[in-house]
Amino acid sequence: MASSSTAASSAPLTREQIVPSRKRIKLPPWLEVAKPRLIPLLLATTLGGMALTEGWPLSSPRLACTLGGGALAAAAAGVLNCLWEQELDGRMQRTSGRALPSGRLSPTAAFTGAVSCTLAAAMLLVSGVNCLAAGLSLLGLCSYVLLYTALLKPRTSQNIVIGGVAGAIPPLVGAAAATGHVGLGGWWLFALVMVWTPAHFWALALLLRDDYREVGIPMLPVVEGSVVTARAIRRYGWATVLVSMFGIWALPEGGLFYGLLLLPFNGRLLQMVGRLAEEPDSIDRAKGLFRWSILYLFGICLLLIISRFSAASLFDLQLREWLMTVAAGFSGIAS
C-alpha cells in the first residue's frame, strides 16, 4: 500500500520545507551567503568546550572576543563555500535563486566580504584571546572549504564522516580560549560532534537526495540508497549516545548531574534513529530526526554549562555521598 510518508511517492522537499524559518525570514544577499543559521550551533559547541575546562567561566571581554571571532570565521567559511558551489547551485532549480547564482550578489563582493571576515576574525582572536584559538578557528575555516567542500564532497559518499572535522573544531577553540591549551574535555566534545555529524547530515541528505543526484554529488543516500543510509544513521546514533556518556568524566565537576539529565536526550535520539531504520523512506521520520539532532547538540552544550553551576556541583557531591553510603550498606550486609 502506498504511503504518503515515503520519499518515493512525494515531491522532493526543499530546505524551506525542512527548516520553516527559511520561508518566514528572507535575508539580504550579503548575509544569506554567510549562512548565519549555522553559526549559533557552532558557537554553542564553542561554549561547551569552554565549560569543560578549569578556566570556566571566562571574563566577559574574552568570551565576547572568542564568540565574535568564531562567528566571523564561520561566516567567512560560509561565503567561500557559496563561492565554490556557485555553478553547482545555478544548475538546480531549488538553489538557482540564491544570492550568487541569481546575480543578486557579485562574486567579487562575496570574496571581498569573506577575506574581510577572515582578517577580522584573526585580529579579534589574536588580540583578545590567544594565538591557539585563532589558529584553530582558521583551521576550521580551511577544513570546511578545502577538505569538505572542494575535496571530499564531490568524490566520496563518506564525505561528511571525514569532512565533519570542520564542525567539530569549535569545542577546541573554546577550550583553547579558556585555558590556552586543549585538554581532555575539549577533545571529548570534538569526538562527540564528529560522531554526531553523520547521523545529523544523512537525515537531511535523505530528504534532499534527488537534488544531490541531479548534480552528481555522491551523498550516501544517492550511492547506497535509503536502507543502507538509515542503518548507518542508527550506528552513528548509538555511537553518539556512547560517546556522550563520557562527558560524566570529562567535566571537571557536575558529571553525575550531567549524566542524569542526559538520559532523556539519548533515549529520544535512539528512539528516532530506530524508527527511521524501520521505515527508511519516511519523510516525516527523516525530517523529525534532522530537527531533533540539532536540538540534541544544543541540549548537550546547555547541560555542560548548567553542570558547572554551584548547585549542580553540590548535587553531584551529595549524590556521590549517597551512593557511597548505599554501597557501604550493601557491603556490610554481604559480610
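The values are calculated or read from the model by the stated rules, or taken from the named source; none is laboratory data. Note that the coordinates shown come from a computational prediction; the quantities given were computed from them, not determined experimentally. Backbone-built Cβ (ideal geometry, glycine too); neighbour counts: all protein chains shown. In case anyone asks, the SASA skips ligands and DNA or RNA and just uses the protein heavy atoms, side chains included. Shrake-Rupley method; radii C 1.70, N 1.55, O 1.52, S 1.80 Å.
Listed values for the stretch 267-282 are Karplus-derived 3J(HN,Hα) couplings in whole Hz (6.51 cos²θ - 1.76 cosθ + 1.60, θ = phi - 60°), namely x, 5, 5, 5, 4, 6, 5, x, 5, 5, 5, 6, 9, x, 8, 6, and x replaces Gly and Pro. In whole percent, and with a 1.4 Å probe on the protein chains, what portion of the accessible area of the stretch 207-335 is carbon and sulfur? Carbon with sulfur: 65 percent of the solvent-accessible area. Averaged over its residues, the stretch 62-163 has an accessible area of 44 Å² per residue, based on protein heavy atoms and a 1.4 Å probe. Here the stretch 93-135 exposes an accessible surface that is 68 percent carbon and sulfur, computed with a 1.4 Å probe and the other protein chains kept in place.
List the aspartates and glutamates whose alpha-carbon lies under 18 Å from that of Lys153, not counting same-chain residues fewer than 8 positions away? Filter leaves Glu85, Glu87, Asp89, Asp210, Asp211, Glu214, Glu224. Our summary gives the chain a relative contact order of 20 percent, counting only alpha carbon pairs under 8 angstrom and 6 or more residues apart. With θ taken as phi - 60° and the Karplus curve 6.51 cos²θ - 1.76 cosθ + 1.60 applied, the whole-hertz 3J(HN,Hα) list for the stretch 163-169 is x, x, 4, 4, x, 9, 6 Hz, x standing for glycine and proline. Excluding ligands, DNA and RNA, the accessible surface per residue across the stretch 200-301 is 40 Å² with a 1.4 Å probe. Residues of the stretch 255-281 falling in the label zone of Val227, defined by backbone nitrogen less than 15 Å from a point 7 Å along Cα to beta-carbon, are 277-281.
Farthest toward the positive end of the dipole of the stretch 26-154, out of Trp30, Ala122, Leu42, is the Cα of Trp30, where the dipole comes from beta carbon charges about the Cα centre. Applying the Karplus relation 6.51 cos²θ - 1.76 cosθ + 1.60 with θ = phi - 60° to the stretch 203-220 yields 3J(HN,Hα) values of 4, 5, 4, 4, 6, 10, 5, 5, 5, 5, 5, 4, 9, x, 8, x, 5, 3 Hz, where x marks Gly and Pro.
Approximating the spin labels as points 7 Å out from Cα along Cα→Cβ, the Met324-to-Thr108 distance works out to 7.1 nm.
Partners of Lys26 within straight-line reach, counting lysines whose Cα lies under 17 Å from its Cα and excluding those fewer than 8 residues away in the same chain: Lys35.
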